[in-house]
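The values are calculated or read from the model by the stated rules, or taken from the named source; none is laboratory data. Since this is a predicted model, take the numbers as computed values, not measurements. Cβ atoms come from the backbone with ideal geometry, glycine included; neighbour counts cover every protein chain shown. Remember, those area values only see protein heavy atoms, side chains included, never the ligands or the DNA or RNA. Shrake-Rupley method; radii C 1.70, N 1.55, O 1.52, S 1.80 Å.
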Amino acid sequence: MVATADNFEKSKEFFDIGNVLNTLDSFNKVIESLDRTQTKRKTELIQFLNNLLKYCQDNNLKSEEAMVLRALGRTHAKFKEHAEGLKYSYQALKIQKKLGKKVDVAEGLVFLAEDLEVSGNYDTCINTFNEAAEIYHELGKLRREKDIKKKISQLKEFSKEMVEDEYILQKFNVDKY
């Protein structure tokens, strides 16, 4: 909790002097250490990001705007607001694709895929992870590609088990009791 508060204070300080990249770097540490039970902080954190987003839009900072949108998506996802998180993740990815920064696009796809996984949309999640893996392959980041392909294999196996379980439940009318 203290680390989160310290990083959030640092984020505010960086924002006050207009240093968007350090603001986001510090805020990402807040998201990583955030406990989803801290719902009292949710409004404050999201409002801060909305202010940062407006600043980026007003100053035509497209790359930073995409990063803020991604942070908004991650923050909403952290509080189990997956539909809202996906909305921001898609917006971030759209900007990143327009800018043509492949590393940012690949990272954005991974975050989007993770949100899709949590929401239970496995087919789209797997397709999104595949797209990220292809980009990492093109960039020569083979270790990252391998990690994503391992995740895809795990998801496919889990999805297969879910289908099999559903079939058995229906075949033996388990849901009727």
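Work out how much length Asn22 to Asn51 would gain on full extension: take 0.36 nm times their residue separation and subtract the Cα-Cα distance, in nm to one decimal.
Full extension from Asn22 to Asn51 adds 8.9 nm.
Sorted from largest down, give the three principal axis spans of the alpha carbons of the chain, whole angstrom values.
In descending order, the Cα extents are 63, 42, 26 Å.
Roughly speaking, what is the centre-to-centre gap between segment 27-82 and segment 116-163 when only Cα atoms are used, to the nearest Å?
25
If a/c stays under 1.5 just call it rounded; otherwise compare a/b with b/c (prolate if a/b is bigger, oblate if not). Do that for segment 28-118, with a ≥ b ≥ c from the square roots of the Cα gyration tensor eigenvalues.
oblate
What shape does segment 5-79 take by its C-alpha gyration tensor, where a ≥ b ≥ c are the square roots of the eigenvalues and a/c under 1.5 counts as rounded, a/b above b/c as prolate, and the rest as oblate?
Prolate, since a/c reaches 1.5 and a/b exceeds b/c.
With +1 assigned to the C-beta of every Lys and Arg and -1 to the C-beta of every Asp and Glu, and no other charges, what is the dipole magnitude of the chain about the Cα centre in debye, to the nearest 20?
Once rounded to the nearest 20, the dipole reads 180 debye.
Share of segment 42-152's accessible area from carbon and sulfur, percent, 1.4 Å?
Roughly 48 percent of what the probe reaches on segment 42-152 is carbon or sulfur.
Would you mind working out the accessible area per residue for the chain, using a 1.4 Å probe, and quoting it in Å²?
Counting only protein heavy atoms, the per-residue value for the chain is 59 Å².
When N is the residue count of segment 82-165, what does its C-alpha Rg come to as a fraction of 2.2 N^0.38 Å?
The value comes to 1.10.
May I ask you to order 117-128, 12-23, 100-111, 65-76 by the average number of other C-beta atoms within 10 Å around their residues, highest value first?
In decreasing order of mean packing, 117-128, 12-23, 100-111, 65-76 become 65-76, 100-111, 117-128, 12-23.
Could you size up the charge dipole of segment 31-100 around its Cα centre, putting +1 on the beta carbon of Lys and Arg and -1 on that of Asp and Glu, and report it in debye to the nearest 20?
For segment 31-100, the charge dipole is close to 200 debye.
Counting alpha carbon pairs within less than 8 Å and at least 6 residues apart, what relative contact order, in whole percent, applies to the chain?
Normalised by residue count, the contact order of the chain is 13 percent.
What helices does the chain hold that run 15 Å or longer along their axis, going by alpha-carbon atoms, with a Kyte-Doolittle average of -0.5 or more, using DSSP H for the helix calls?
20-33, 102-119
Taking 2.2 N^0.38 Å as the expected size of a compact globular protein, what ratio does the Cα radius of gyration of segment 17-61 give against it, to two decimals?
1.24
Hey, if you put +1 on the Cβ of every Lys and Arg and -1 on every Asp and Glu Cβ in segment 60-155, which of Gln96, Ile148, His137 ends up farthest toward the positive end of that dipole?
It is His137.
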